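The values are calculated or read from the model by the stated rules, or taken from the named source; none is laboratory data. Since this is a predicted model, take the numbers as computed values, not measurements. Glycine gets a Cβ as well: all are built from the backbone with ideal geometry, and neighbour counts include every protein chain shown. Just so you know, the surface numbers come from the protein's heavy atoms only, side chains and all, with ligands and any DNA or RNA stripped out. Shrake-Rupley method; radii C 1.70, N 1.55, O 1.52, S 1.80 Å.
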Amino acid sequence: MTARMTAFSGEGELPRVEGVTLADVAARFGTPCYVYSRAALTSAYQAYRDALAGRDALVCYAVKANSNLAILDVFARLGAGFDIVSGGELARVLAAGGDPGKVLFSGVGKSRAEMRQALEAGIFCFNVESAAELETLNAVALELGRQAPVSLRVNPDVDARTHPYIATGLKSSKFGVPFEAALALYRRAAELPGLAVRGIDCHIGSQLLDPAPAAAAAAKIVGLVDALTADGIDLHHIDLGGGLGIRYRDEAVPTVAEYLAPLLAVMRDRKEQLVFEPGRSLVGNAGLLLTRVELLKHGESKNFAVVDAAMNDLARPALYDAWHAIVNVSGKVSHGGTPAPSRSYEIVGPICESGDFLGHARELSLAPGDLLAVMSAGAYGMAMSSNYNTRPRAAEVMIDGDRMHPIRRRETITELFANESLLP
Ligand code: LLP
């Protein structure tokens, strides 16, 4: 098994997540269905806590990776903070019992209404990404008679060496303020009565497999923090963002401790609180997408397995050409004991686009009706799903030991057009 989903056992007769077989999940909730492991979520969070033991540190889960309330609930109970990028995500965190005092608000385009909402909730800090946002946030805070806690997201101009769509630390990206402009902007922020300067932030990209660029960014940030101190601007925390990658296929992925070690070395002897914003590394390998083979189609040049999940359920393959392991999890029962011949399959969904695939050229032994697990789908899976082709969004289930909890029921067709109207 190349995929490294925690708490998944693909060997043996009946593949399971924790103590529950995937056949039972499909029988009870149908497919397509996202399946998560509470134990895997917990151990991923614990790896951060262990690596940061003895440090004053806050781990803020990046809600965008998977915003299901039950997932937020698991992390809130473990004491996590949250990194949000919208008023909607803030509302989710609050509904899940998250502590607003541990909420970071990131993003390049916060609206005034979102700023108000976050100020009223009493969040930990705004990660401000432009000079214009600084002025607007100051004005909104003054209208409310409050001070907004702020960090500047500084763009350290390092190459994160990841997919260009998810690299954010280069000068050319839309994120953050330029490193060279940061000092002047901090001075401006310190002057504005509606703002309380609290920290500094950087996030250079996602699915990072090498800590070196993040450590280089951290070193640049620390240099800036010292320049700020010399200027009379003292910071309470340093936020080094998220970005640690996971194993999808056979990538050499550092453990959380290995990834953080060079960053912590840069931060040694510093008084500031450390903040991180991991998303993928907390949830990615704690979830899979369960789908059923509708039919097999043997074409002249290719064999297709048409499954009931599609690019609307999991957009990553279509969007980034991302590779997710696909495993037949039917167990031996499906073939009546005689395995179907193994072939190279295109695993495709029912959507009317050639880009609607979940995997290319997968060597699998398949029969119609088989259950497949698309692995490592806990991050940016359900969160990026859509209703394209008027397809109801999948159900979501959380496994906890030998129990399965429905954490989002499948949408119904009528819900999909409930907000629409006919002309008068
Ligand atoms: N902080 C900020 C400011 C971010 O923009 C992100 C992710 C994170 C933290 C969390 O990063 P992570 O630890 O998950 O790498 N949809 C893409 C990934 C987009 C990442 C967006 N920002 C994908 O499916 O690969």
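A few points about this structure:
- Residues located in the range 127-142, provided they are among the polar types (S, T, N, Q) and over 27 Å from the mean Cα position of the chain (by Cα): T136, N138
- Sole residue being touching a Cys at 6+ places or on another chain (Cβ under 6 Å) and open to solvent by 10 Å² or more (accessible area, probe 1.4 Å), chosen from P149, P156: P149
- Taking helices (runs of 4 or more DSSP H) as the structural unit, those lying wholly within the range 188-286 and holding at least 1 residues that are of a type in the set (S, T, N, Q) and more than 20 Å from the chain's Cα centre (by Cα) correspond to 212-230.
- Failed item, numbered, when V253 is tested on (1) farther than 30 Å from D370 by Cα; (2) away from the ligand (no atom under 16 Å from the Cβ): (2)
- Any hit, the range 298-305, residues being surrounded by fewer than 20 Cβ atoms within 10 Å (Cβ to Cβ) and either among the β-branched types (V, I, T) or within 16 Å of the ligand (Cβ to nearest atom) (or both): no
- Number of the exception - R146 against (1) assigned to a helix (DSSP H, G or I); (2) away from the ligand (no atom under 16 Å from the Cβ); (3) farther than 19 Å from Q273 by Cβ: (1)
- Candidate set: the range 256-275, residues that are within 15 Å of the ligand (Cβ to nearest atom) and out of contact with any helix residue (DSSP H, G or I) (no Cβ under 7 Å at 6 or more places or on another chain); chosen: the one farthest from K64 (Cα to Cα): Y259
- From the options V108, V59, V74, V103, residue that is more than 16 Å from the ligand (Cβ to nearest atom), among the β-branched types (V, I, T) and either more than 27 Å from A309 (Cα to Cα) or open to solvent by less than 30 Å² (accessible area, probe 1.4 Å) (or both): V74
- Residue within the range 319-326 that is more than 15 Å from the ligand (Cβ to nearest atom) and either in contact (Cβ under 8 Å) with a residue 24 or more places away in the chain or at negative phi (or both) present: yes
- Of the set (1) of a type outside the set (D, E, K, R); (2) in contact with a Phe, Trp or Tyr (Cβ under 7 Å, 6 or more places away or on another chain); (3) modelled with pLDDT of 95 or more, all apply to G122 but (2).
- Here L119 meets each of (1) open to solvent by 50 Å² or more (accessible area, probe 1.4 Å); (2) among the hydrophobic types (A, V, I, L, M, F, W, C); (3) away from the ligand (no atom under 16 Å from the Cβ) with one exception, condition (1).
- Counted as qualifying within the range 333-411 are the strands (runs of 3 or more DSSP E) with 1 or more residues that are open to solvent by 40 Å² or more (accessible area, probe 1.4 Å) and either away from the ligand (no atom under 16 Å from the Cβ) or not assigned by TED's automatic domain parsing to the domain that holds R28 (or both), namely 342-348, 357-365, 395-400, 403-408.
- Counted residues, the range 306-318 - those being away from the ligand (no atom under 16 Å from the Cβ) and touching a helix residue (DSSP H, G or I) at 6+ places or on another chain (Cβ under 6 Å): 0
Condition check ((1) of a type outside the set (A, V, I, L, M, F, W, C); (2) surrounded by 20 or more Cβ atoms within 10 Å (Cβ to Cβ)) across all residues:
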residue	(1), (2)
V222	no, no
G243	yes, yes
R249	yes, no
P262	yes, no
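- Within the set A26, A95, the sole residue that is more than 26 Å from G194 (Cα to Cα), away from the ligand (no atom under 16 Å from the Cβ) and either crowded, with 20+ Cβ neighbours inside 10 Å or in the same structural domain as P406 (by TED's automatic domain parsing) (or both) turns out to be A26.
- Selection of the range 224-241 for residues being within 16 Å of the ligand (Cβ to nearest atom) and open to solvent by 10 Å² or more (accessible area, probe 1.4 Å) yields only L240.
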